[in-house]
Structure formats: C-alpha cells, structure tokens
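To start, the structure under review is shown below, and the notes come after it.
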Amino acid sequence: MAGELPDYYFRVRDNGALVYRVDTENRQRRIEMDQIATINIRNGEVKPHGDRRLSDPDMAAITDWMTRRTALLAAREVDDILRAVDHLNLTAQWVQTRATEEQLDAVTDTLLLAMHDLRTVLVRKKADRLTKDN
C-alpha cells in the first residue's frame, strides 16, 4: 500500500460513528476491521461493541476523534448558514430580474413567513446578547 493505515477507522453515521480497529498484521495480509464501539456524538456516549472492554489507547483515539468531529460539524454548520446568506442574495436577484408572476405567486408567502420568522429570532437573540453584556 502507498501509506500506512490508521489504527482505527470511524464509519460516520447520524449522531456519531461506528469505531473499527484496523488490522493488517495477519497471515493473509488482508485489511481486517473489527468493530469495537459505537459513538453518539450528541450525548458523548461510547458503547463498547458486544462484551468488549475498550483499552486506554482505544478511548484516547475515540475521544480525539469526537473532539475533532465536533469541531468539524460546528464549522460546517456556520458554513451552511453563510451559504444560506448567499442563497438569499441569489433569490433577491432572481426575484428582481427573472421571476415570473406565477413563480412569485408560488414562493412569496412561504419566503416572507420564513424570513419573518428568521428576523424575529435573530432580533430576539441579538437583544438578549446586548442586555446580557450590560
């Protein structure tokens, strides 16, 4: 192989991952992946697979992955919101330059309600932050 494989593989799934120990040190020189745990990233729960006991290196690798994964998901969340801002700008341009009356009839009420809801939440949160700082 071109590079050395990691000791652990994390198969991402909703709310976490399945953790596998990677083994290439066998007679057939095949890659074997042995599931050792299930992770729930939302509540921090780590469940050993079956009747396994997780070693200190296992737990260290899992904790490190959870820390890095949480940071990655937080960064992606902010990026998604910034993309939504871009979409709002593109939507405004579309409304102003290309939308037909039929298209506007199909989207106006839904957009106005969503934007009103978003504005209400943003204003309330900003006011909370401003009064908290004082």
**OP:** When a/c is below 1.5 the answer is rounded, else prolate if a/b is larger than b/c, else oblate, so apply that to region 1-79 with a ≥ b ≥ c taken from the square roots of the Cα gyration tensor eigenvalues.
**Re:** oblate
Subject >> For region 105-116, Karplus couplings with θ = phi - 60° (6.51, -1.76, 1.60), whole Hz, Gly/Pro x >> reply: 4, 6, 10, 4, 4, 5, 5, 4, 5, 5, 5, 5
Subject >> Exposure proxy ranking, count of Cβ atoms within 10 Å, fewest first, for M115, M66 >> reply: M115, M66
Subject >> C-alpha center-to-center spacing [region 7-25, region 62-124] in angstrom >> reply: 33 Å
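Arrange the following residues from fewest to most other Cβ atoms within 10 Å of their Cβ: I62, I39, I31, I81. Don't skip to the end; give the middle numbers.
Values: I62 19, I39 23, I31 12, I81 9.
Starting with the residue having the fewest Cβ neighbours, the order is I81, I31, I62, I39.
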Subject >> Dipole magnitude of the chain about its Cα centre (Cβ charges: Lys, Arg +1; Asp, Glu -1), debye to nearest 20 >> reply: 300 debye
Original post:
Can you run phi through the Karplus equation (6.51, -1.76, 1.60; θ = phi - 60°) for region 98-103 and list ³J(HN,Hα) in whole Hz, with x for Gly and Pro?
Top reply: 10, 5, 8, 4, 5, 5
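Values in this text are rule-based calculations from the coordinates and carry no lab data. Everything numeric here is computed off the predicted structure, so don't read it as measured data. No Cβ is skipped: glycine too gets one built from the backbone with ideal geometry, and neighbour counts run over all protein chains shown.
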